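Report on one structure; see the data block that follows.
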Amino acid sequence: MQDLCGISADELARLKNPDPIEIGTEPVSQPARDDAKPRMHYPDEMYAFLMGSSDADMWNRTSEATPPVPLSE
């Protein structure tokens with residue numbers, strides 16, 4: 001597969017063992033909306049809301065922690 005994808009041994013080694021990342025303490029803002037680039041096909045108001053939401057907001061709005069079937073105790 002590596003040869004089929006044209007991945008060198010050095011590239012494969014970097015993919016398997018990437019450099020560590022530094023995660024800052026401050027949130028990173030979303031990039032500015034650019035309608036000249038491809039976008040999801042949502043109504044304009046909904047798209048603006050989604051693109052203006054932080055990752056934390058999206059996580060909190062869409063995460064469901066309750067199991068679909070209650071666990072017996």
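Quick check on region 32-42. Is at least one of its residues surrounded by 10 or more Cβ atoms within 10 Å (Cβ to Cβ) and of a type in the set (Gly, Ala, Ser)? Walk me through it before giving the result.
The first filter runs over region 32-42 and keeps only residues surrounded by 10 or more Cβ atoms within 10 Å (Cβ to Cβ), leaving 33, 39, 42.
With of a type in the set (Gly, Ala, Ser) added as a condition, the list becomes none.
Checked against the condition, which is being surrounded by 10 or more Cβ atoms within 10 Å (Cβ to Cβ) and of a type in the set (Gly, Ala, Ser), region 32-42 yields no hits at all.
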(message) With the structure loaded, tell me whether residue 55 is out of contact with any Phe, Trp or Tyr (no Cβ under 6 Å at 6 or more places or on another chain) and either of a type in the set (S, T, N, Q) or surrounded by 10 or more Cβ atoms within 10 Å (Cβ to Cβ) (or both) or whether it fails that test.
(response) yes
(request) Take region 2-51 and flag every residue that is more than 24 Å from residue 62 (Cβ to Cβ) and basic (Lys, Arg). (result) 14, 16
(request) May I ask you to list the residues in region 36-65 that are over 15 Å from the mean Cα position of the chain (by Cα) and among the hydrophobic types (A, V, I, L, M, F, W, C)? (result) 36, 46, 48, 49, 65
(request) May I ask you to list pairs of residues, at least six apart or on different chains, whose Cβ atoms are under 8 Å apart, with the first in region 45-73 being of a type outside the set (Phe, Trp, Tyr) and the second being exposed (fewer than 10 other Cβ atoms within 10 Å of the Cβ) and assigned to a helix (DSSP H, G or I)? (result) 53/61
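None of the figures in this text is laboratory data; all of them are computed from the coordinates on show. Because the structure is a prediction, the values reported are computed rather than measured. Methodologically, a virtual Cβ is constructed for each residue, glycine included, from the backbone with ideal geometry; neighbour enumeration extends over all protein chains shown.
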